[in-house]
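Engineer: Got a structure here, written out as structure tokens. Questions coming.
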Amino acid sequence: MSLPAFTLNNGVEIPVLGLGVFQSSPEETTAAVAEALRVGYRHVDTAAAYGNEREVGQAIAASGLPRDEVFIETKVWPSDYGYDETQHAFDKAAAKLGVEQIDLLILHQAAVSMFDRTIDAYRALETLLRDGKVRAIGVSNFTPAALTRLLDVASVVPAVNQVELHPYHAQKDVQQADSDLGILTQAWSPIGGITFYPGFGDERRSVLQDPAIAEIAAAHGKSPAQTMLRWGIQQGRSVIPKSTNPERIAENFDVFDFELAAEELGRIDALDTGVRSGPDPDRVFTEQMLFPIPEA
Ligand code: A2P
């Protein structure tokens, strides 16, 4: 099956669904990526800060798939922001991934307390794009205000803005700003893992347990996770569910044989709480967050 794709604002195609590897340990990552490629995934989203780019690259190489059949996305961490630093961050990431060219390279987040360096980092991405070292560039966790600040000076509109996005936090304002600018919204935690991951605060409700989603899922003979992924894809968002479990990796990919009705999409839209579960992208950076990314 050829995987449905979205066309980015520079004409590059990105599969609508990819494997996320946030919090996948290096040991788990190789097996998860191998299994995902085996069942048909053709897009993996990693990040320098996840510490598993090397394993992602190894699994892709071991799959034997032609390089141009797998879409590789990774992120530059703020400790590598700055023009020269970000160019070097590309070298580190490409070497760890074992590739010459990265399909999509994005800034992990706007570093609000050092926005000048964020801009310099983005300028480096523009150069990498012009030099053909990356096929597309983008951002992550950018608020509409941060996008405006960036676009005041940038010459390339980001292709993607990857943000926390699941039924309990749909970020309609970010989606609107992205679509006004021609930016593809990419959902991290698309099945709401962030609503139950340990270490992100207590007293949270897991969106995977939501009764409305359970009802809609049951009506289609699908799981809540599959229903949320379908909701995202049908509304034009790129989704990158994380799993290291082979059954769930396959389950999350099995979303191309059903369609949610407009009324069902609306019911899921209505679950938005407006409250994020993950970190606030507007918060000021702490020194602790600026841990160095190792050389390749
Ligand atoms: P695991 O890796 O053990 O499968 P998100 O990408 O929205 O952050 O969600 C990731 C979290 O959801 C992880 O804890 C992952 O655990 C779990 N998960 C992934 N796929 C499914 C699924 N189909 N059903 C239930 N939980 C899932």
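The values are calculated or read from the model by the stated rules, or taken from the named source; none is laboratory data. Here the structure is a predicted model, which is why all the values come from computation and not from measurement. Reconstructed Cβ throughout: ideal geometry from the backbone, glycine too, with neighbour counts over all protein chains shown. For the accessible areas, the whole protein counts, side chains as well, though only heavy atoms, and no ligand, DNA or RNA atoms are used. Shrake-Rupley method; radii C 1.70, N 1.55, O 1.52, S 1.80 Å.
Engineer: So Phe196 ticks every box in (1) among the aromatic types (Phe, Trp, Tyr); (2) surrounded by fewer than 18 Cβ atoms within 10 Å (Cβ to Cβ); (3) more than 8 Å from the ligand (Cβ to nearest atom) but one. Which box is left unticked?
Structural biologist: Here Phe196 clears every test but (3).
Engineer: Filter segment 246-269 down to residues that are more than 19 Å from the chain's Cα centre (by Cα) and touching a residue at least 40 places away in the same chain (Cβ under 8 Å), then give me how many there are.
Structural biologist: Result for segment 246-269: 7.
Engineer: Can you work out which of the residues in segment 18-40 that are away from the ligand (no atom under 11 Å from the Cβ) and more than 12 Å from Ile60 (Cα to Cα) is most open to solvent (accessible area, probe 1.4 Å)?
Structural biologist: My answer is Glu27.
Engineer: Additional query: Restricting attention to segment 1-17, report how many residues are part of a strand (DSSP E or B), in contact with a Phe, Trp or Tyr (Cβ under 8 Å, 6 or more places away or on another chain) and open to solvent by less than 70 Å² (accessible area, probe 1.4 Å).
Structural biologist: Taking segment 1-17 first, the residues part of a strand (DSSP E or B) are 5-7, 13-15, 17.
Cutting the leftovers down to in contact with a Phe, Trp or Tyr (Cβ under 8 Å, 6 or more places away or on another chain) gives us 13-15, 17.
Right, trim to open to solvent by less than 70 Å² (accessible area, probe 1.4 Å) and you get 14-15, 17.
Result for segment 1-17: 3.
Engineer: Further, regarding this structure: Can you tell me which residue among Leu265, Leu229, Leu260 is within 16 Å of the ligand (Cβ to nearest atom), among the hydrophobic types (A, V, I, L, M, F, W, C) and at pLDDT 95 or above? Can you show your working first?
Structural biologist: Details: Leu265 fails: within 16 Å of the ligand (Cβ to nearest atom); Leu260 fails: within 16 Å of the ligand (Cβ to nearest atom).
Among Leu265, Leu229, Leu260, only Leu229 is within 16 Å of the ligand (Cβ to nearest atom), among the hydrophobic types (A, V, I, L, M, F, W, C) and at pLDDT 95 or above.
Engineer: Now for a different question. Do you know which residues across segment 91-108 are surrounded by fewer than 22 Cβ atoms within 10 Å (Cβ to Cβ) and touching a residue at least 40 places away in the same chain (Cβ under 8 Å)?
Structural biologist: Those that are surrounded by fewer than 22 Cβ atoms within 10 Å (Cβ to Cβ) and touching a residue at least 40 places away in the same chain (Cβ under 8 Å): Asp91, Lys92, Ala95, Gly98, Val99, Asp103.
Engineer: So, one more: Say whether the condition of being modelled with pLDDT under 95 and closer than 30 Å to Thr286 by Cα is met by at least one residue in segment 27-42.
Structural biologist: First, the residues of segment 27-42 that are modelled with pLDDT under 95: 27.
Add one more test, that the residue is closer than 30 Å to Thr286 by Cα, and what stays is 27.
Yes - at least one qualifying residue is present in segment 27-42.
Engineer: Next question, about the same structure. Run Val174 past the list (1) within 16 Å of the ligand (Cβ to nearest atom); (2) buried (at least 21 other Cβ atoms within 10 Å of the Cβ) and report the number of the one that doesn't hold.
Structural biologist: All conditions are met except number (1).
Engineer: Going through Gly278, Gly192, Gly274 one at a time, which residue ends up being touching a residue at least 40 places away in the same chain (Cβ under 8 Å) and farther than 16 Å from Gln23 by Cβ?
Structural biologist: Numbers: Gly278 fails: farther than 16 Å from Gln23 by Cβ; Gly192 fails: farther than 16 Å from Gln23 by Cβ.
It is Gly274.
Engineer: Would you say Ile216 is of a type in the set (A, V, I, L, M, F, W, C), within 10 Å of the ligand (Cβ to nearest atom) and in contact with a Pro (Cβ under 9 Å, 6 or more places away or on another chain)?
Structural biologist: Values: of a type in the set (A, V, I, L, M, F, W, C): yes; within 10 Å of the ligand (Cβ to nearest atom): no; in contact with a Pro (Cβ under 9 Å, 6 or more places away or on another chain): yes.
For Ile216, the condition - of a type in the set (A, V, I, L, M, F, W, C), within 10 Å of the ligand (Cβ to nearest atom) and in contact with a Pro (Cβ under 9 Å, 6 or more places away or on another chain) - is not met.
Engineer: When you go through Arg130, Arg123, Arg204 one by one, which is the residue that is more than 11 Å from the ligand (Cβ to nearest atom), touching a residue at least 60 places away in the same chain (Cβ under 8 Å) and open to solvent by 40 Å² or more (accessible area, probe 1.4 Å)? So that I can check it myself, show each step before the final result.
Structural biologist: On the way: Arg130 fails: touching a residue at least 60 places away in the same chain (Cβ under 8 Å); Arg123 fails: touching a residue at least 60 places away in the same chain (Cβ under 8 Å).
Of Arg130, Arg123, Arg204, the one residue that is more than 11 Å from the ligand (Cβ to nearest atom), touching a residue at least 60 places away in the same chain (Cβ under 8 Å) and open to solvent by 40 Å² or more (accessible area, probe 1.4 Å) is Arg204.
Engineer: Just one of the numbered conditions (1) surrounded by 16 or more Cβ atoms within 10 Å (Cβ to Cβ); (2) within 10 Å of the ligand (Cβ to nearest atom) is not true of Pro246; which one?
Structural biologist: Here Pro246 meets the rest and fails (1).
Engineer: Can you find a residue that is hydroxyl-bearing (Ser, Thr, Tyr), more than 18 Å from the chain's Cα centre (by Cα) and open to solvent by 60 Å² or more (accessible area, probe 1.4 Å) anywhere in segment 58-78?
Structural biologist: Step one: list which residues in segment 58-78 are hydroxyl-bearing (Ser, Thr, Tyr), which gives 63, 74.
Going one step further and asking which of them are more than 18 Å from the chain's Cα centre (by Cα), we end up with 63.
From the residues that got through so far, the ones that are open to solvent by 60 Å² or more (accessible area, probe 1.4 Å) too are none.
No; the residues of segment 58-78 include none that is hydroxyl-bearing (Ser, Thr, Tyr), more than 18 Å from the chain's Cα centre (by Cα) and open to solvent by 60 Å² or more (accessible area, probe 1.4 Å).
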